[in-house]
Amino acid sequence: MKINNKRLIKKFDKDAFKFKEVFVKHFSKYKPKTLENLHNVLPNDLLPKKVVKVKNDQSQKIYKFLYKIDKGYELKKSNNSSNFLKLFDRFIYFLAKKIFKESLVYQSKPTLRIMFPNNKAVGDFHRDREYNHPLEEINIWVPITASKKTNSIWIESRFDKNDYKAMNLNYGEFLIFDSGLKHGNKINLENKTRLSFDFRVIPFSLWSKKNKNINKVSVDAKKAFKIGDYYKLMKI
């Protein structure tokens, strides 16, 4: 599948991949009517006080709770996954088998995102390669809530066009896009919380152990861009 300079919207089986149910269970202690309503039920200390910036978009207090969705995220403890990451690995197999039709090198643990009203999920418009990522990576974005207008992800249509457009997706849809396309967020004016996760893959036909990024590390987790650290390999 050719992704060069493209944005593609695909669908997955919501009964086979019950991501939303996992998130609903995780937040059940706060008794939200819907996940989009989380900002109305979470305690104030879990809500951001200011609009997030690049340096703190993953360090908000809410993320300490959010990443407890799976014990596999706890780096100092057992690396064994529970429901969410096991479901994620099955999703990667689906992508490899049905979408890319080849083995995939993939980000071993997806990045979780939460976007509250009047705030952002990421600090600025960017390309992942600006943060040491390999050029061969392909980005995949999976919203857990319906994501429309200002609470969605915005992406340019072609390299360096800067003509950003909201990628309006419903739950059950996901976005595949060239990592060279600049993307980011607007301020969320929809009065709805947005939950999503994202990750990066490299088709095995494009993977090279001689990749110049292999000795570089990810900015947040400080993981090397090699299989067994930042990446895993899904064979088909």
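The values are calculated or read from the model by the stated rules, or taken from the named source; none is laboratory data. Just so it is clear, the structure is predicted and the values come from calculations on it, not from any experiment. Ideal geometry is used to build each Cβ from the backbone, glycine not excepted, and the neighbour counts take in all protein chains shown. Accessible surface areas use protein heavy atoms only, side chains included; no ligands, DNA or RNA. Shrake-Rupley method; radii C 1.70, N 1.55, O 1.52, S 1.80 Å.
Relative contact order (percent) for the stretch 1-131, with alpha-carbon contacts under 8 angstrom and 6 or more residues of separation? Walk me through the numbers before you get to the answer.
Working: 88 pairs, mean separation 36.0, N = 131.
Relative CO of the stretch 1-131 lands at 28 percent.
If Y73, Y164 are ordered by their accessible area, calculated over protein heavy atoms with a 1.4 Å probe, which sequence runs from highest to lowest?
Listed by decreasing accessible area, they come as Y164, Y73.
Find out how many positive minus negative residues lie around L206, taking Lys and Arg as positive, Asp and Glu as negative, among other residues whose Cβ is under 10 Å from that of L206.
Every neighbour counted, the sum reads -3.
Can you tell me the Rg and Dmax of the chain, counting just the alpha carbons, in angstroms?
Rg, Dmax (Cα atoms, Å): 17.0, 50.
Rounded if a/c is under 1.5, else prolate if a/b is larger than b/c, else oblate: which is the stretch 54-148, with a ≥ b ≥ c the root eigenvalues of its Cα gyration tensor?
Judged from the Cα gyration tensor, the stretch 54-148 comes out oblate (a/c at least 1.5, b/c at or above a/b).
Among S179, T111, L66, which residue has its Cα positioned farthest towards the positive end of the charge dipole of the chain, with +1 placed on the Cβ of Lys and Arg, -1 on the Cβ of Asp and Glu, and the dipole taken about the Cα centre?
The residue sitting most towards the positive pole is L66.
Go ahead and run the numbers for FRET between F94 and K33, Cβ-Cβ distance against an R0 of 35 Å, rounding to 0.05. Could the numbers behind the result be given before it?
Details: r = 31 Å, r/R0 = 0.87.
It comes to 0.70.
Quick one: what do you get for the stretch 136-179 if you divide its Cα Rg by 2.2 N^0.38 Å?
1.17
Across bins of 5 angstrom width beginning at 0, how are the C-alpha pair distances of the stretch 93-154 distributed, in whole percent?
Per 5 Å bin, starting at zero, the Cα-Cα P(r) for the stretch 93-154 comes out as 3, 12, 21, 22, 18, 16, 6, 1, 0 percent.
Count neighbours as other Cβ atoms within 10 Å of each site's Cβ, and list the trypsin sites (Lys or Arg not before Pro) in the stretch 97-186 that are DSSP loop with at most 13 such neighbours.
K101, R158, K161
May I ask which of K6/K182; K25/K223; K148/K186; K18/K186; K50/K186 have a Cα-Cα span longer than 18 Å here?
Checking Cα-Cα distances, K25/K223; K18/K186 exceed 18 Å.
Once the whole set of protein chains is in place, how much accessible area is left on M1, using a 1.4 Å probe, in Å² to the nearest 10?
Near enough 90 Å² of accessible area.
For n ≥ 4 DSSP H runs only, could you compute -39500 (n - 2.57) per run for the chain, divide by its residues and tell me the 222 nm figure to the nearest 500? Let's see the in-between values first.
Details: 3 runs with 26 residues, N = 236.
Dividing the helical sum by the residues of the chain leaves -3000 deg cm²/dmol.
Counting only protein chains, not ligands or nucleic acids, how are S152, S59, S208 ordered by accessible area (probe 1.4 Å), most first?
Largest to smallest exposure gives the sequence S59, S208, S152.
Over the chain, what is the relative contact order in percent, taking alpha-carbon pairs closer than 8 angstrom and at least six residues apart?
Over the chain, the number comes to 28 percent.
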